[in-house]
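Quick notes on the structure that follows.
The values are calculated or read from the model by the stated rules, or taken from the named source; none is laboratory data. The structure displayed is predicted, hence computed values, not measured ones. Neighbour counts run over all protein chains shown; Cβ positions are idealised from the backbone, glycine included. These accessible areas exclude ligands, DNA and RNA; they are computed on the full protein's heavy atoms, side chains included. Shrake-Rupley method; radii C 1.70, N 1.55, O 1.52, S 1.80 Å.
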Amino acid sequence: MKEVHFDVVVCGAGVAGTAAAVAAARQGAKTVIIEKQCLIGGLATSGLIYVYLPLCDGKGKQLAYGLAEEMLTRCVEYGPFDVPEQWGGPENGNPGCREALVQNRYACCFSPAGFTLTLDKMLQESGVDLWLDTLITDVNKENTRITSVDAVNYSGKIRISGKCFVDATGCAMTIQSAGGKVFSETNYVTPWILEMASDPSFFHFSESLHIQSFGQLTDEFAVAQPLDGRNVTEFIRRGWEIMRNHYDKLNRKERKYNYPVHLPAMPQIRKIAHIDALYNLTEADGGKVFEHSVGTAGNWYHPDAGWQVPYETLIPKDLDGVLSAGRCIGTCGYAWEIFRVIPAAILTGEAAGTAAALCVKHDLQPKELPYDILKSHLKSFSQRA
């Protein structure tokens, strides 16, 4: 088996993984990011979830900075939308957001395909080694420390070793495969697709090109837990059934102007698995101030003071040599709803990638890294110039 070595190995190239890889590389770490698909951006791009939710508290105060802000300002590079004027965008620009959801907030929409191009450009600018169409098949460890992952692609079987790992798979697959404990919660079938439609939509790119959303948050659309290969397939096919039922109601003439253009390329499962972290955030932690905070996420449901995330939330209790980022950090219940979305995933990705690079530099495990060292290198607290 061929072997290659890196300082930091990021598993999963969604927005959290991309942020982790960029942050680690900017700290000088030799960094690789491994993605099983041929697209990067995860649910944000492959899943057609094209709303970049707020970085603010809903009352005019910005909460998140660093890569969370950098990616927001750059996500509109290849698309029809703009950053809101009151947050530095062009006069009379089009943020593309539903008024009821993000009115007057630091948020915008983006083209999923366009954001993919931007994320790839950021990886290249940072010198990250990107491996697409590469599936991680196994995780190796010494005692409790992850030391390498086995992967397969057109080159055959490869062992990728690293000094520190970031699990940004969205389902904690790296940590699960190493024997780490994870938890799941209820999901609902609520697919989003790209469609041509004659009716106006809140999620529109042009007069006729829209993102269409289907499904309801009812038990009828709930998916059994824990997820496995069988019910993931059922989840996807249930979404297709919902779409067919919608289009079957249209007559032949209507179908000439209303039809699907592109389906999501990955399961649109918002909450798959979260780690059992040194500290697991719950609903009671909203608005709480943490001694070891790595940043603050905005509540995209409604205005509030924001949700700080402590460094300990990124670290699994029972493993070493690895941090989590994005949707699989230690959150549950309402807190998981806050941290599963794009800006919060990027915030935790930046923190995990920065911490991983610093662990390599100082020859420490994530549990040993002094918080003061980490905080001094994080950009998530930086004020806008």
With 0.36 nm assigned to each residue of separation and the Cα-Cα distance removed, S213 to N92 gains 40.9 nm
Taking the range 318-385 and dividing mean pair separation by its residue count, relative contact order in percent (alpha carbons under 8 Å, at least six apart):
33
How high is the relative contact order of the chain, in percent, with contacts defined as C-alpha pairs under 8 Å that are six or more residues apart?
24
Between K121 and K288, Cβ-based FRET efficiency (R0 25 Å, step 0.05) works out to 0.10
Using a 1.4 Å probe on heavy atoms of the protein chains only, the accessible area for R244 in Å², nearest 10, reads 130
Ignoring ligands and nucleic acids, L319 exposes an accessible area, probe 1.4 Å, in Å² to the nearest 10, of 0
Determine the order of M71, M196 by accessible area, beginning with the largest, at a probe radius of 1.4 Å.
M196, M71
Local electrostatic count, G28, Cβ distance below 9 Å [Lys/Arg +1, Asp/Glu -1]
+2
In degrees between 0 and 90, to the nearest 10, how far off the longest principal axis of the chain does helix 342-362 point, with axes built from Cα atoms?
20
Tilt of helix 112-126 relative to the longest C-alpha principal axis of the chain, in degrees (0 to 90, nearest 10)?
20
Average accessible area per residue (Å²) across the range 47-127 - probe 1.4 Å, nucleic acids and ligands excluded:
39
The summed charge of the D150 Cβ neighbourhood (under 11 Å; Lys/Arg +1, Asp/Glu -1) stands at +1
Neighbour net charge for V4 - beta-carbon separation under 14 angstrom, K R +1, D E -1
+1
Simple Cβ-charge dipole of the chain, Lys/Arg +1 and Asp/Glu -1, about Cα centre, in debye nearest 20:
460
Relative contact order (percent, whole number), the range 283-334, Cα cutoff 8 Å, 6+ residue spacing:
31
As a check on your grasp of the helix formula, calculate [θ] at 222 nm for the chain: sum -39500 (n - 2.57) over DSSP H runs of n ≥ 4, divide by the residue count, round to the nearest 500.
-8000 deg cm²/dmol
Could you report the accessible area of V128 in Å², rounded to 10, computed with a 1.4 Å probe on the protein chains as they sit in the structure?
20
From the cross-link list K61/K181; K317/K375; K36/K163; K30/K181, which pairs have alpha carbons spaced over 25 Å apart?
K61/K181; K30/K181
To test your reading of the geometry: what angle, between 0 and 90 degrees and rounded to tens, separates the Cα axis of helix 229-248 from the longest principal axis of the chain?
20
Where both residues lie in the chain, what percent of DSSP beta bridges are antiparallel, nearest 5?
60
Given all pairs of different Cα atoms, what value in angstroms does the Kirkwood hydrodynamic radius of the chain take?
21.0
Between the range 273-312 and the range 345-381, what's the alpha-carbon centroid distance in Å?
17
